[in-house]
1. Quick one: pull the percentage of alpha-carbon pairs in the range 24-161 with a separation above 22 Å.
2. Using alpha carbons only, how many degrees (0 to 90, rounded to 10) separate the axis of helix 148-158 from the longest principal axis of the chain?
3. At what distance in nm do the modelled label points of Arg309 and Gln241 sit from each other, each positioned 7 Å from its Cα along Cα→Cβ?
4. I need the P(r) histogram for the range 344-395: all alpha carbon pairs, bin width 10 Å from 0 out to the longest distance, whole percents.
5. To the nearest 20 debye, what charge dipole does the chain have about its Cα centre, counting +1 at the Cβ of each Lys and Arg and -1 at the Cβ of each Asp and Glu?
6. Provide the net charge surrounding His84, with neighbours chosen by a C-beta distance below 13 Å and charges set as Lys +1, Arg +1, Asp -1, Glu -1.
7. What value in Å³ per residue do you get for the convex hull of the alpha-carbon atoms in the range 127-278?
8. What are the ³J(HN,Hα) couplings of the range 312-318, residue after residue, when phi is run through the Karplus curve with 6.51, -1.76, 1.60 and θ = phi - 60°? Round to Hz, x for glycine and proline.
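Derivation of every value follows stated rules applied to the coordinates shown; laboratory data play no part. Quantities reported herein were computed from a predicted structural model and do not represent experimental measurements. Here the Cβ is made from the backbone with ideal geometry for all residues, glycine too, and neighbour counts use every protein chain on show.
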Amino acid sequence: MRWASASSRLDVPAAAAEAVAAELREQLGAGSAEGSNVAPDMALVFVSGPGPGRTSAAAEMLRRELPAATFAAVSARGVVTREHEVEQGVALSAVAARLPGVEVKPFVLTQDVWAEPITTEAEFDLRAPGARGAELVIVLGDPFSLDMERVLGLFNRWVPGVRVVGGLASAATKPGGNTLVLNDWAAHEGGIAIALHGALRADVVVSQGCEPIGPPLDVTHAEDNLIFTLDGQPAVERIEQVLRAVPENERDRLKQGLYLGRPARGEASGRGDYLIRNLLGADRDRGALAVADVVGLREKVRLHVRDGRAAQEDLEMLLSPQAFDTAASGALLFACNGRGKALFGAPDRDITSLQQALKAAAPCAGMFCAGELGPVGERNFLHGHTASIAIVRPR
């Protein structure tokens, strides 16, 4: 198994793709003329910069210069390279891999197909060929046209235990502005997936960018995304009680933003056990809170604040076992748009933490996302404010 990664900040997509392809070929060939002629089994490309045609143009050139058996590309607001996080502006980052003994099974996700009822394993397998029994499924989607919560829910039901890692394209702020490419298929909607089987193993890390404050709160009346009462009191009133109880020396943290955590697992109690969701607003007349999710009756929710220090500590803790493993072959990093300098106050914190945790720096690429995909426990979720990471080694 051999992975390679390369990046470019050249403004012309074709020129950037040509430079990246040349570097990837050199790394994959490892100085061998014979090796440099072996096409990679998989290539993943992340493209940022203005204009809807940039990703398509870069993908076309890269496929010509580096014909991979499975080729995928996606547009993003910013990209992650082996050493840096390019949070905005023009950039192209890619990984390519030769994967002996590994089956690479790509498939497309479209909303019309995934919106239909699925009542049997066979129906799911038709929609996600190769997902069953996979070591890892990489999924990239458009946030405006694909119901990713439903997709992940169907994965959790029909292929329990199969881990999904990836993110939502973030180049656009309205429908039709993102681009996804999978081999000969290209679109501005839907999603793409690549299932990996066989002689590889993947470690998956999902690290939150928020920390809980206050006690768990019982949802005692909710309708869709509106919470009317918490602990039997008007929701706004109960939240204000919690905030008033925050010690004076910790109140500055509230300025970083207030969020609601939904339990990702039954006994949610601390950092990493919750799905972080935005608070959309409050209706004081009715005492209701609007949340960017549908909240269930009797859920034990908890307030969270964004915290760069806690986010870095959490990521470093989750990555710490990597130092005792064999050298990683490659990695993928999907970070929330709200991380980076905005959260940490300095650039490159997530990628630096990842590479420092590994026994030796590994080829890596990724992107800043409009939502990150990753497992908590045995279930896959759509997250916010997280870094979702896959670290790959030969089995």
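1. Numbers: 4748 of 9453 pairs.
Within the range 24-161, distances greater than 22 Å cover 50 percent of Cα pairs.
2. Roughly 80 degrees, rounded to the nearest 10.
3. Modelled inter-label distance: 2.9 nm.
4. 19, 47, 32, 2
5. Values: 40 positive and 49 negative charges, 86 e Å.
Its charge dipole is roughly 420 debye.
6. Computed value for this residue: -1.
7. 163 Å³
8. For the range 312-318, the Karplus curve yields 5, 4, 5, 5, 5, 5, 5 Hz.
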